[in-house]
1. Using 0.36 nm per residue, how much length does the chain from Ile69 to Phe117 gain when fully extended, once their Cα-Cα distance is taken away?
2. Obtain the nm distance between the two label points defined at Trp186 and Trp106 by a simple spin-label model: each point lies 7 Å from its Cα along the Cα-to-C-beta direction.
3. Ranked from the most accessible area to the least, with a 1.4 Å probe and all protein chains present, what is the order of Leu61, Leu124, Leu49?
4. How do Thr103, Thr125 stack up against each other in accessible area, from largest to smallest, with a 1.4 angstrom probe?
5. Sort the following peptides by mean Cβ neighbour count (other Cβ atoms within 10 Å, averaged over residues), highest first: 146-158, 2-14.
6. Show me the chymotrypsin sites (Phe, Trp or Tyr not before Pro) within the range 117-157 that DSSP assigns to loop and that have at most 10 other Cβ atoms within 10 Å of their Cβ.
7. Test of understanding: extend the Cα→C-beta vector of Leu3 to 7 Å, then name every residue of the range 110-151 with backbone N under 13 Å from that spot.
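The values are calculated or read from the model by the stated rules, or taken from the named source; none is laboratory data. As the structure is a prediction and not an experimental result, all values here were calculated from the model. When we count neighbours, we look across all protein chains shown, and the Cβ atoms used for this are built from the backbone with ideal geometry, even at glycine. When the accessible area is computed, the model is the full protein with side chains, heavy atoms only, and any ligands, DNA or RNA have been set aside. Shrake-Rupley method; radii C 1.70, N 1.55, O 1.52, S 1.80 Å.
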Amino acid sequence: MSLDPLAIVTAFGLIFLAELPDKTMFASLAMGTRMRPLYVWFGTSTAFLVHVAIAVGAGGLLGLLPGWIVKLVSALLFAFGAFMLLRGGGGEDDEETAPRTVTGFWPVYSTAFMAVFISEWGDLTQITTANLAASNGPWSTAIGSAAALMSVSALALLAGRFIATRVPLRTVQRIGGLCMLGLAVWSVVEIFVG
């Protein structure tokens with residue numbers, strides 16, 4: 001098991017930016033207003049860890065392919081991610097408007113876990129994590145991605161109202177989209193240079 005600090009930071013940065021404007025952040029914020037935030041964070045974090053493990057496993061399978069194919073697939077996935085972030089798309093819908101309060105560790109944990117576990121299937125961050133695992137290594141990607149997802153959840157629970165009201169999500173989407181577009185171009189260049 002070798003860890004690459006640059007791969008950890010890359011995974012953290014990309015996943016963090018991609019997850020900020022995601023519906024999961026708003027779901028965490030909404031759950032945190034009606035449920036105990038620490039319990040919500042445990043539930044969302046566990047769901048994110050499961051998704052990271054699945055994505056890293058899929059990325060590990062991609063890593064068995066010839067290098068140029070992995071880089072081409074990476075470029076396409078990064079380009080898709082850039083397109084998804086740059087095209088706009090709201091993602092600001094608050095699906096949970098009923099002010100119901102859930103108490104107790106297991107009910108809150110289960111609610112938060114299931115909300116994230118179901119909503120993250122095939123999500124941009126899961127695809128990006130698989131892509132990064134194929135090209136940057138599974139352990140470094142897993143650490144960076146899991147830390148980013150758990151950080152966004154914590155951020156939503158602690159300071160979500162400030163972000164939602166003061167930082168334009170469109171700006172966050174553009175920054176993340178431009179980063180992914182840059183990585184798509186870099187992956188294509190690596191096919192011909194490396």
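1. Here the segment from Ile69 to Phe117 would lengthen by 14.3 nm.
2. Distance between the two pseudo-spin positions: 4.6 nm.
3. Leu61, Leu49, Leu124
4. In descending accessible area the options line up as Thr103, Thr125.
5. Working: 146-158: 21.9, 2-14: 16.7.
By packing density, highest mean first, the sequence is 146-158, 2-14.
6. Listed in order of number, the matching sites are Trp121.
7. Under cut-off, by backbone N: 139-147.
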